[in-house]
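Worksheet: the structure to be examined is printed underneath.
The values are calculated or read from the model by the stated rules, or taken from the named source; none is laboratory data. Since this is a predicted model, take the numbers as computed values, not measurements. No Cβ is skipped: glycine too gets one built from the backbone with ideal geometry, and neighbour counts run over all protein chains shown. Just so you know, the surface numbers come from the protein's heavy atoms only, side chains and all, with ligands and any DNA or RNA stripped out. Shrake-Rupley method; radii C 1.70, N 1.55, O 1.52, S 1.80 Å.
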Amino acid sequence: MTALSIRAARPDDFDPIISVADDWWGRAVSSALQRLFLDQFHQTSLVAETPTLRPAGFLIGFLSPSDPACAYIHFSGVHPDMRRTGLARELYDRFLTSAVEAGCTKAKAVTSPVNARSIAFHRAIGFTASEPVADYDGPGLDRVVFHKPL
């Protein structure tokens, strides 16, 4: 992996992240990441940067206030040129390690059923994946739900 720095996110990371999200995915996904996630959960989220401080990857996650045993990954991404370098795994490992240290015993995430890359990645790092759950996030918004014991 190239020389990257990984740090806790800050609220001002929202604009750089949202500016690359649709391009990195090759489709419109930026509406799934609202500013509130970096305003309210930046301390548990991570940003990977190049030496020139350009985004290389990020993980937006939090410890559930409703289920203190659960760590939730809301949104994560890696620059297309950085895929298959271990960066996504590193971001997840760091987030899940801090979740365990905080007392979490399980992790959860969701993705769209069309996101085969995300489904394969989550399975490869030990998450179990549900079949698509119809209307999970509202009418027509089916999701695959991931679970992992920590």
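Observations on the model:
- Against the numbered list (1) free of Cβ contacts under 8 Å to residues at least 40 places away in the same chain; (2) β-branched (Val, Ile, Thr); (3) more than 18 Å from TRP25 (Cα to Cα), VAL110 comes up short only at (3).
- A Cβ distance below 9 Å, combined with a sequence gap of six or more or placement on separate chains, defines the contacts here; from segment 57-75, residues that are of a type in the set (D, E, K, R) reach residues that are at pLDDT 95 or above and open to solvent by 50 Å² or more (accessible area, probe 1.4 Å) in the pairs ASP67/LYS106; ASP67/LYS108.
- Within segment 117-150, considering residues that are touching a Phe, Trp or Tyr at 6+ places or on another chain (Cβ under 9 Å) and part of a loop (DSSP other than H, G, I, E, B), the one farthest from ARG94 (Cα to Cα): ASP142
- Among the residues of segment 58-73, those that are open to solvent by less than 20 Å² (accessible area, probe 1.4 Å) and either of a type in the set (A, V, I, L, M) or within 16 Å of ALA32 (Cα to Cα) (or both) comprise PHE58, LEU59, ILE60, GLY61, ALA71, ILE73.
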